[in-house]
1. When residues of region 298-329 are filtered for being closer than 23 Å to D419 by Cβ, surrounded by fewer than 24 Cβ atoms within 10 Å (Cβ to Cβ) and β-branched (V, I, T), how many remain?
2. Wholly within region 154-246, which helices (runs of 4 or more DSSP H) include no fewer than the required count, namely at least 2 residues that are surrounded by 23 or more Cβ atoms within 10 Å (Cβ to Cβ)?
3. Would it be correct to say that F302 is touching a helix residue (DSSP H, G or I) at 6+ places or on another chain (Cβ under 7 Å) and within 23 Å of D131 (Cβ to Cβ)?
4. Considering only region 115-147, state which residues are polar (S, T, N, Q) and at pLDDT 95 or above.
5. Which of (1) assigned to a helix (DSSP H, G or I); (2) surrounded by fewer than 19 Cβ atoms within 10 Å (Cβ to Cβ); (3) modelled with pLDDT of 95 or more is the odd one out, the single condition A5 does not satisfy?
6. Report every pair of residues separated by at least 6 positions or lying on different chains whose Cβ atoms are under 9 Å apart, first residue within region 169-181 and closer than 16 Å to D420 by Cα, second of a type in the set (S, T, Y) and in a strand (DSSP E or B).
7. Output yes when any residue across region 336-353 is assigned to a helix (DSSP H, G or I), crowded, with 17+ Cβ neighbours inside 10 Å and at pLDDT below 90, and no when none is.
Amino acid sequence: MSSFAHINSTSVAHSFLKKCTFSNSTSDGARNSQIQYAQFRGTPNEDRFAISEEWELGSHVWQFLAVFDGHGGPTNAEYLANNFPSHIRQSMERVFSETRTQQQQPDIVNNVFTEKAVSDFLKRQVREFDDGLGNAVKALCPNPAGNISDKEARELYRVHKEVITRARCGSTMASVLIDKSENRMWVCGVGDSSVVLSCKNSTDSKRKSVLLNTHHTGHTPQEYHRVTLEHPSHERGNIWLDEEERIFGTLSMTRSFGDFMYKLPPFFTAKLFCLVPSTAMKSVESVLKYNRTPPYVIADPFVRFVDLAGLVSKDENPMVVIYTDGLEALAYKLSTLLLKGTESSAPSPVDVVGAFLGQPLHPLTWAPSKDYTDALPGNNEAFALMYNLFTKAIPDKLGAHLMANGNDSDKRAEDLYIDDVTVLVFRPFPTSNV
């Protein structure tokens, strides 16, 4: 029987833990049990996540949670994780405080946080934050038509490496802005990371899970056609090379932070972005060849309002799960395994995530030593979901990945590649640790 058990060892198990970051209720205390996180760091690790501190505004308590899946390198995702949550908080305090002042009613702040007002606010902030990344690069070359020498470009890159790198790299975002005082939530995302709401059915205790955001990739028909229609018809064969659902055959995301190779004229790629070491160097050649009428990628986010207080009850044990596409890949793999050899249709990745959410760790899967099992986080739905999907979907590949010594051939390294996985779980109704 093929399972992780046959390659089980203390060293392999500890290798798994070394690649994981997670919240641990035994150390974090009951006050943090409402939000849990877990991350498996692939090679290289380009995922980041953010859990802001709570803040008060207008007698409401707010919190911002997000996962960022970087591509082309981690720099953009790292910058977002470190700066975007505080940008949201500071912008909220400025914008909504100004609204209250303009209306000259001290209590009006409680009425300005409408579904539309906050939704429009989030859309503006995402676009403005991303524009800032691109404008910082354009400011380095205020007259690109006048051109600059390769020597001048290299000096610009040396002095402004971070500015250029975070614009060249890209990142998805799946996030929620929570009004904890009224149990309201705004979902905001670009790219293909996910926000899922999962609740237990009252009849059979099975979970019903719903994807709350739209994925922005060439696989989404609406996005595929949007990109196509925004450019001249004769470009279609160049945008979607060989009918692939990747822009210029290189980028699957149609909306993201960064990725300014696809947003700015090719001059910036030829002179600056080409200097950035990247995990996606082959895209430079394609961008230079096919970039004619940018932008091909935008940062306009998907935003949805969810009234949790009116939609779900505590008895349904609701959970909001935010995760990068590494977890979705595991869920998709598992969905095909569950239905292998049957005529039934495979469950969606969202259904798989819901089915495994809230399930306990399988203690006999990996139990090489007591110190290993003692290190596992107790009552952490985020870690349990990630752990169980790994050990159910790709047990053999995971074991081989963890045992690899890093000296294998490029082909073997490619075969053993595992994407980063980041999961946040938010409980609208807090539970106590006992």
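The values are calculated or read from the model by the stated rules, or taken from the named source; none is laboratory data. Predicted model only: the values in this text are computed from it and were never measured. Positions of Cβ are generated from backbone atoms using ideal geometry, with glycine treated the same way; all protein chains shown enter the neighbour counts.
1. 1
2. 161-168
3. No: the conditions fail for F302.
4. S119, Q125, N135
5. All conditions are met except number (3).
6. A174/S194; A174/Y323
7. no
Here is a yes/no grid of residues against (1) surrounded by fewer than 19 Cβ atoms within 10 Å (Cβ to Cβ); (2) modelled with pLDDT of 95 or more; (3) under 26 Å from S193 (Cα atoms):
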position: F16; (1), (2), (3): no, no, yes
position: T21; (1), (2), (3): yes, no, yes
position: N32; (1), (2), (3): yes, no, yes
position: G58; (1), (2), (3): no, no, no
